[in-house]
Amino acid sequence: MSSQQNIEVETEKVPAGTVIRPKGDIDLSRAPAFRVEVAKCLEDNTGAVYIDLGLVPYMDSSGVATLVEALQLTNRSGVKLALFGLQERVRSIFEIARLDTVFKITETFEQAQED
Amino acid sequence: MNSTPNDPDIRVHLTSNPKYLASVRGMILSLTQTIGFDVVESGHIALAVDETLTNIIRHGYGLEAGNPINLSIWLVQGEEKGIRIVIEDEARQIEPDDICGRDLEDIKPGGLGVHIIKDVMDECTFEKRDDMGMRVTLMKHLRPKKIDCTENSNTPR
């Protein structure tokens, strides 16, 4: 039995860059697939990266690690990365890991686009 | 079959496949809310169990599926009221003192699991088992809820 599961990730081109929209829990079973999808988007992307976590009810440190990696890659290439729409349970893990001030985290996409 | 006072209330045996993490989280969420933890506390306990299992699967068993993991759960009564969860594996042993979260100021992927477990649980211990593997004990106390009487403060008795 495969130990990894796929994750549905929608991407949408917007004038300022790309919105990445994963759906479902992101834990050890889905984080590897999420990492691949995020890496693909970063390769193809030239503008800012906005990750919509509104449809992610749960995330553990495996998912957070993928986002930290994405943040480091975007920082290196001078690209903006912002997270928005986090559910309370997901926001909580960023606070526990004290990453809520490292990432730009907003409630809405409009706020995420502000500098 | 009769149980003894030291027997756990619930025992779960699973194998080291990440696919089972969601089911275990669901069980912990349901159980902890049933015994009186609020939604946030239940979420934290489920997160701590998930992170412990993730560490065992990833680091203990090197992501190899099919290896044994046992959860034993006690619903503790009395002064220490709450939930105690013991998670045992047969993975490689490491010194408990070497199990520590990374410095949170050092922003990098990974190394957050142990920090999260210690942050959200009241007690967390790592031990080597006598024969093989490791044992993690997690404890969360159930605290009396504060009752907000402000809305009814003017209600005559």
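Quick check, is residue B:125 of a type in the set (S, T, N, Q), more than 10 Å from chain A (Cβ to nearest Cβ) and open to solvent by 10 Å² or more (accessible area, probe 1.4 Å)? Answer is yes for this residue. Pairs meeting the criteria (first residue in region B:58-76 and without any contact (Cβ under 8 Å) to a residue 40 or more places away in the chain, second residue open to solvent by 50 Å² or more (accessible area, probe 1.4 Å) and among the small types (Gly, Ala, Ser), beta carbons under 6 Å, at least 6 apart or on different chains) are lacking.
For (1) over 22 Å from the mean Cα position of the chain (by Cα); (2) at pLDDT below 95; (3) within 23 Å of residue A:89 (Cα to Cα), each residue gets a yes or a no:
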| residue | (1), (2), (3) |
| --- | --- |
| B:112 | no, yes, yes |
| B:117 | no, no, yes |
| B:120 | no, no, yes |
| B:134 | no, no, no |
| B:141 | no, no, yes |
| B:150 | yes, yes, no |
| B:154 | yes, yes, no |
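For region B:43-74, taking the residues that are open to solvent by less than 30 Å² (accessible area, probe 1.4 Å) and of a type in the set (Gly, Ala, Ser), the one that is nearest to residue B:138 (Cα to Cα) is identified as B:48.
Does residue B:94 count as surrounded by fewer than 17 Cβ atoms within 10 Å (Cβ to Cβ) and touching a residue at least 24 places away in the same chain (Cβ under 8 Å)? Answer is yes for this residue.
Residues that are facing chain A (nearest Cβ under 10 Å) and under 20 Å from residue B:10 (Cα atoms) within region B:50-73 comprise B:50, B:51, B:53, listed in sequence order.
Every listed requirement among (1) within 14 Å of chain A (Cβ to nearest Cβ); (2) more than 29 Å from residue A:94 (Cβ to Cβ); (3) surrounded by fewer than 16 Cβ atoms within 10 Å (Cβ to Cβ); (4) not basic (Lys, Arg) is met by residue B:23 save one, (2). Looking at region A:22-115, the helices (runs of 4 or more DSSP H) lying wholly inside it that each contain 3 or more residues that are surrounded by fewer than 21 Cβ atoms within 10 Å (Cβ to Cβ) and in contact with a helix residue (DSSP H, G or I) (Cβ under 9 Å, 6 or more places away or on another chain) sit at A:31-44, A:61-76, A:88-96.
The values are calculated or read from the model by the stated rules, or taken from the named source; none is laboratory data. Because the structure is predicted, anything quoted here is derived from the model rather than measured. Cβ atoms come from the backbone with ideal geometry, glycine included; neighbour counts cover every protein chain shown. For the accessible areas, the whole protein counts, side chains as well, though only heavy atoms, and no ligand, DNA or RNA atoms are used. Shrake-Rupley method; radii C 1.70, N 1.55, O 1.52, S 1.80 Å.
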